[in-house]
There are 4 protein chains.
Amino acid sequence: MKTLGVVTSGGDAPGMNASIRAVTRVAHSRGMKVIGFKRGWEGLLANTFEQLTPRSVGGILEVGGTILYTVRSPRFKTEKGIEKAAETLATNNVDGLVVIGGDGSFRGAHHLSRNTDTLVVGIPASIDNDIFGTDETIGFDTAVNTAVTEIDKIRDTAISHERTFIVEVMGRQRGFLALAAGITAGAEVILVPERKIRHTEIFEKLEQNEAKGKKSSIIVAAEGVGDNREIANRIRERTGAEVRLSVLGYAQRGGSPTARSRLLACLFGSKAVELLSKKHGNLVVGLCLGKIATISLEKSCTTRKALDLDLLQLANLLAT
Amino acid sequence: MKTLGVVTSGGDAPGMNASIRAVTRVAHSRGMKVIGFKRGWEGLLANTFEQLTPRSVGGILEVGGTILYTVRSPRFKTEKGIEKAAETLATNNVDGLVVIGGDGSFRGAHHLSRNTDTLVVGIPASIDNDIFGTDETIGFDTAVNTAVTEIDKIRDTAISHERTFIVEVMGRQRGFLALAAGITAGAEVILVPERKIRHTEIFEKLEQNEAKGKKSSIIVAAEGVGDNREIANRIRERTGAEVRLSVLGYAQRGGSPTARSRLLACLFGSKAVELLSKKHGNLVVGLCLGKIATISLEKSCTTRKALDLDLLQLANLLAT
Amino acid sequence: MKTLGVVTSGGDAPGMNASIRAVTRVAHSRGMKVIGFKRGWEGLLANTFEQLTPRSVGGILEVGGTILYTVRSPRFKTEKGIEKAAETLATNNVDGLVVIGGDGSFRGAHHLSRNTDTLVVGIPASIDNDIFGTDETIGFDTAVNTAVTEIDKIRDTAISHERTFIVEVMGRQRGFLALAAGITAGAEVILVPERKIRHTEIFEKLEQNEAKGKKSSIIVAAEGVGDNREIANRIRERTGAEVRLSVLGYAQRGGSPTARSRLLACLFGSKAVELLSKKHGNLVVGLCLGKIATISLEKSCTTRKALDLDLLQLANLLAT
Amino acid sequence: MKTLGVVTSGGDAPGMNASIRAVTRVAHSRGMKVIGFKRGWEGLLANTFEQLTPRSVGGILEVGGTILYTVRSPRFKTEKGIEKAAETLATNNVDGLVVIGGDGSFRGAHHLSRNTDTLVVGIPASIDNDIFGTDETIGFDTAVNTAVTEIDKIRDTAISHERTFIVEVMGRQRGFLALAAGITAGAEVILVPERKIRHTEIFEKLEQNEAKGKKSSIIVAAEGVGDNREIANRIRERTGAEVRLSVLGYAQRGGSPTARSRLLACLFGSKAVELLSKKHGNLVVGLCLGKIATISLEKSCTTRKALDLDLLQLANLLAT
C-alpha cells in the first residue's frame, strides 16, 4: 500500500474533517502517500485532488464540514462515470480508497469497487445514523446535541406560553435523530417514520398530559413523518390551543464535532488505514457492540438498520 | 410605595426572569411588597398572582422564559378589560406596576395607565429590539448570539457544499435582529423590511462574489422581508445553483440569557423600582447613548425606532 | 416492591437529575412509591427525605447537579452509621434502594446491602468514568465535552502566542477524562497516572513537534499525574520557551448534561427499577459492549477498571 | 494613504481576527494595500509581514486568537527598537499603522508614533476592558460570557454540595471582568482590586446569606485581589464549611467571539481606516456613550479608567 486516496461524499457531517486528519496521519506514519479527491465523486471524475500531509490536515479536528468539499454527482452513477473514476484511481496508482460518507456514498463505493483493483473501505459519517453495520455514525452525536440544545431553548418558550410545539428534526427516511433527540430532550411525543401513529394517538397523549397538569408539550418529529404543519393544524383544531411548528434546519449538519464524534472519527480513520495496509478491502468500519468492527461494504449498503422501538417506548414512559 | 406589581407580557425574551429577580430584590430592599401577576394581562383580569420574595426569585437569573408566564390577551384591549385590570390593581393596593415586555405590551400599559392611579413603568424586553427609547432591549443580545451560532454552523455546510443558503431570522416588521446577526456572522447579503431591494441586486451581489472566488454565500433575511422560499427559487432559476432555505425558529426566543441581556435586566429592573419609589410613572426605562435613561411611555409606544442603515452599508462592504 | 428509595452520593455529575427522573417515573408507572433521601448517606442517617412524583421530577432532565443534594458522610462508614441507615430503610419500608454515584458510593452501598433486607442497586454516575462494570458513567461524556470546549479555546491562545500550554483536567487517581479529552482535543501530549513517563519523553515529543513545524503544543494532564506546575517549570527550563498551566476546575462537574449523559441516565434508571421490581439486588447497572448490562455490586467496587492504553498510543500517533 | 500596516500586540483577545478582517476589507475598498506584521512588535523589528487581501482574511471572523500572532517584545521598548520599527515602516512605505491590542500595546504605539511619520491609530482589544477612552474593548464581552458560562456550571455543584466556591477570573490590575461576570452570574460576593475589603466583610455577607436560607455561595474574585486560596482557607477556618477555589484560566482569552465582540471589531476597524484615510493619527477608536468615538493615543494610555462602583453596589444588593 503506497498511495491512499480519500474522498468525502454525500451530505456533510461534523467529524468528517477529524476522520480525514486521522486517515492522513495514520497512513503517513505507515509510510503511505495520501491524496484527497475534491468535491466528492466529482474529484474522481475530473481527477482533481490535493496531496494531504500531517501538516496540511492540522487545525481541522474541531472544524465542521469537510475540507475536501462534497457535492452530488449524478454522473458518477452511470457506467461511464464509474469507468472514469476507476481510470483516475489507476492513473494515480491509488492502491486503497477511503470513502467517508453515508449510505448513498457507500452504494457508489460498492459499485466502484467492483470495477477497479483499488481496495475500497467506507467510513460511516452521517447525521442520520442510518448505516447498517455501525451502532453510530460520525456526526450523529453532534447532530443530536445540536437538536437537544435547540429543543431545550424552545421549551423555555413552550413553558412560558403554555403551548405545544412541534419541532421537526432532520430525517427524511429514518427516525434515529428524532428518537435520540426526543428522549434526551424529554419530548412528550416522538414521531418517527418507522412507526406510523394516528393523529388520535397524539391527541390522547396531549390530553393525558393536560389532565396530569402539564401545561406545555414538545412533539419531536422526523421530517419524513409527513406534513408536520398539517399535524400542528389538526392539533389546533382539536384542542383549540395554539400550536407552533419549528423546523430545525441545516444547523443540525454543521458545527464543531462533539468529543464523541471526534473520537469515532479517530478510531474509524485509524481502522480504515489498518485494513487497507493489510490488503483488506470492500469493507465498512463501524462501532459494533461497543467495539470497532468491520462489515462487508455490500451488506452495509443493502441492509436496513433497525430502529430501537423499545427505546421509543421508554421515551413515552419517561415523558409522563 | 408599598406594594409593587410585576407582569410579563407579549412574546417571551431571555432575561425576563433576570429582570423579575432584579425588580423583586431591589423593591424588597426598599421595604416594598412585590406581587407577580400570572400569564400577562390575564393575571390582571383574573386577579391571579403570587407574592414574590428574594428567595422565590432565586435561581432564575440564568433561566430563559418567564416564571410569571405570558399569554396573548385580546380581552385586555377592550374598555371593559382595562377597567377590570384597574380594579385588580386597586383591590390589591398596587401603587406601582412594572410591565416587562415589548411594544405591544407598552401600548397596553399606556392604555391602562390612563385608567388607573397606579404608576406604570415599562421595562423593554424583546428579541426584536424594536422599542423606541432604548438602544437595546433585554433578550436582543441573546437572540443575536443564538442566530449567529446557528449561522456559523450553517456556513460549515455552505462551504463544504459550495452552496448559497438563505437563513431566515425572526422579525416580522423590523430588521434589527437580521442586521445584527448578518453583520456579525459575515453574511454576504442582508435583507431587512426597512430597505426593500430588487431581486436583481441580490443576483448581482452573488455574481460579484463568485467572480471574486467566493464559492458559497449566506443571505440573512428577516421573516418580514417576504417569501424567502420564493427568493431561494428565483436565485436557483437565475444562477442554476442549488440554494437552501433554513428558517431559524423559536429557539431564537429561548435559552439562558447572555451576560449582556442579564446585565440590562439588572440595570433596568433596578431603575424601574427607583423611579416608582420616587413616584415617577408613565415611563419606560432604557439604554440611551450607553447610559440608563427614561422616556415617556406614550412616546415609546407611538414612535418608530430607526434602523441604522449605515450599519447595513458597512455589512455589505465587509462581506466582500 | 412497593417503596423505592433513591439517593445520590459522592461528587455530583451531570445527568444525576436525569436518572432521578427516570427512576421515579419508571417506578411510578409500575405502581411504586418513590422517596428521595436528602444529602447523600446523611439522609439515611437523619431520616430526611421527600416523596418524589412524576411531577416533582419535571424540568430536571437538563439540569446539572442533583436535586437530592450530596455530601461527604464519614459517619456512614462506621458500623453505627450503617446500622442507623438500615434502620431508616426499615422504618420507611423501603424495599429497594437505588444508589446513584461513583465507586466510593458503591463501596458504601455494598457495605449497607450486607446489613439490610432492602435490595440495593447502583447506578454509576461520575465524571471520572472509573467504575468497573460499565464502559461509561453518567456525566463522563458531559465532562469530556466541557474539557474539550475549554481546550479548543486555549488552543486559540496557544497558537496566537506560539506557546505550550499544560491543561490539567480532573482525575486524581485515573486518566479516563484526560485521555478522552486529550485525544479529541488533539493534545500533543497526554499525561495519565496509569502510565508514568519521564520528563525527557515530554521534552523529546515537544522538540520533535517543533522540528516538524508545530509552533505550539497542548499537554493534557490528569491532576493525579503529579505537580503539573513543576512540569511546566521543567519544560520552561529545558526549552527556554514560555509554558502556561491552566487548571480546568469545577466547571467540569456541572452544566447541562449532554444528550449521551442523559440517554445513559434514562437507560440506567429504567434498568435499575426493572431489576428491583424483579427482586434482583446487589447489582450495578452499566453499559457493557454497547448494551445495558449488570454486574455484582461487590465486583464493581473491588475491581480496577483498565484504561485503554492502545487509545493513548493512537492519540500520540494522531497528534503528529 | 496608499499602504496600511496592521499589527496585533499583547495578550490575544477574541475578535482580534474580526478587526483584522474589517481593517483589511475597508482599506481595500478605499484602494489601499494592507500588510500585516507578524508576531506583534517583533514583526516591525524583523520586517516580517504578509500582504492581507479581502480573500486572505476570509473565514477568520468567527475564529479566536490572531492570525498575525502576538508575542511579548521587550526589545521594542528600547530606543533602538523603536528606531528599527520606524525604519521598517519607512522601508515599506507604510503611511498608516493600525495597532490592535491593550494598554501596553498603546504605550508602545504612542512611543513609536513620536518617532515616525507613519500615522498610528489604536484599536482597543483586550479581555480586561481596562483601556481609557472606550466603554468596551474587543473581546471583553466574549470573556465575560465565557466566565459566566463556567460560573453557571460551578453553581450546579455549589448548590448540590451546599458549598461556597471562590471563582478566580482574570484581571491582575483591574476588576472589570470580575464585576461584569459577578453581577451577571449572580455572585454573592465580588472581589475587585479597586475596592479592598476586609475578610470580616466577606464572613458577614456569607453569614447573612446563611441566615436567609442560602445554602451555597459563589465568590467571584479578580486574580489581582490577592491570594484567593488564602481567602478560601480563612473562610474555611471561620465557618467550618468546605470552600473550593476554581481558577478560570486561559480559556477566558480564547474562543469564537460573541456577536458583540465581532460587532465592535467591525465598527472599530472601519473607523480606524476612515481616520487614517483622512490623515488623522495618534488616536484610539472606542465606544463612548454608545457611539463610535476617538480619543488621543496619549490620553488613552496615560489615563486610568474608572470602575463603576455603583454597579458593584447593585451587584451586592441583587445577590441577596
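The values are calculated or read from the model by the stated rules, or taken from the named source; none is laboratory data. Please read all numbers here as calculations on a predicted model, not as lab measurements. Every residue, glycine among them, receives a Cβ derived from its backbone with ideal geometry; neighbour counts consider all protein chains shown.
Quick look at the numbers
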item	result
Every residue from segment B:34-92 that is under 19 Å from B:LEU119 (Cα atoms) and among the β-branched types (Val, Ile, Thr)	B:VAL34, B:ILE35, B:ILE82, B:THR88, B:THR91
Condition met for B:THR24 (at pLDDT 95 or above, within 26 Å of B:ARG260 (Cβ to Cβ) and outside any helix (DSSP H, G or I))	no
Any pair with Cβ under 6 angstrom, 6 or more apart, that starts in segment A:43-56 at a residue that is away from chain C (no Cβ under 13 Å) and ends at one that is of a type in the set (Phe, Trp, Tyr)	A:GLY43/A:PHE37; A:GLY43/A:PHE49; A:LEU44/A:PHE37; A:PHE49/A:PHE37
Test result for D:ARG253, charged (D, E, K, R) and modelled with pLDDT under 95	no
Scope segment B:133-145; condition more than 7 Å from every other protein chain (Cβ to nearest Cβ) and not charged (D, E, K, R); matching residues	B:GLY133, B:THR134, B:THR137, B:ILE138, B:GLY139, B:PHE140, B:THR142, B:ALA143
Complete set of residues in segment B:101-120 that are in contact (Cβ under 8 Å) with a residue 12 or more places away in the chain and over 17 Å from B:GLY133 (Cβ atoms)	B:HIS111, B:LEU112, B:ASN115, B:THR116, B:ASP117, B:THR118, B:LEU119
Subset of segment C:146-172 (residues that are at the interface with chain D (Cβ under 9 Å from one of its Cβ atoms), of a type in the set (Lys, Arg) and touching a helix residue (DSSP H, G or I) at 6+ places or on another chain (Cβ under 7 Å))	C:LYS153
Residue that is surrounded by the fewest Cβ atoms within 10 Å (Cβ to Cβ), among those in segment B:106-137 that are of a type in the set (Ser, Thr, Tyr) and within 17 Å of the chain's Cα centre (by Cα)	B:THR134
Selection status of C:ALA181, facing another protein chain (nearest Cβ under 10 Å), within 26 Å of C:CYS288 (Cα to Cα) and modelled with pLDDT of 95 or more	yes
So D:GLY226, is it surrounded by fewer than 24 Cβ atoms within 10 Å (Cβ to Cβ), away from every other protein chain (no Cβ under 12 Å) and on the phi > 0 side of the Ramachandran plot	yes
Set A:VAL63, A:VAL23: member being in contact with a helix residue (DSSP H, G or I) (Cβ under 6 Å, 6 or more places away or on another chain) and facing another protein chain (nearest Cβ under 10 Å)	A:VAL63
Flag for C:ILE60 being hydrophobic (A, V, I, L, M, F, W, C), out of contact with any Phe, Trp or Tyr (no Cβ under 9 Å at 6 or more places or on another chain) and in a helix (DSSP H, G or I)	no
Count - residues of segment A:276-311 that are modelled with pLDDT under 95 and outside any helix (DSSP H, G or I)	2
Count of segment C:59-75 residues which are out of contact with any Gly (no Cβ under 6 Å at 6 or more places or on another chain), farther than 15 Å from C:THR258 by Cα and surrounded by fewer than 21 Cβ atoms within 10 Å (Cβ to Cβ)	4
Candidates C:GLY186, C:GLY175, filtered to the one that is surrounded by 24 or more Cβ atoms within 10 Å (Cβ to Cβ) and either more than 17 Å from C:LEU311 (Cα to Cα) or away from every other protein chain (no Cβ under 14 Å) (or both)	C:GLY175
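A quick yes/no check of all residues on (1) under 30 Å from D:GLY269 (Cα atoms); (2) touching a strand residue (DSSP E or B) at 6+ places or on another chain (Cβ under 9 Å); (3) surrounded by fewer than 19 Cβ atoms within 10 Å (Cβ to Cβ):
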| position | (1), (2), (3) |
| --- | --- |
| B:ILE218 | yes, yes, no |
| B:GLY240 | no, no, yes |
| B:PRO257 | yes, yes, no |
| B:LYS291 | yes, no, yes |
| B:THR294 | no, yes, no |
| B:LYS299 | no, yes, yes |
| B:LYS305 | yes, no, yes |
| B:GLN313 | yes, no, yes |
| B:LEU317 | yes, no, yes |
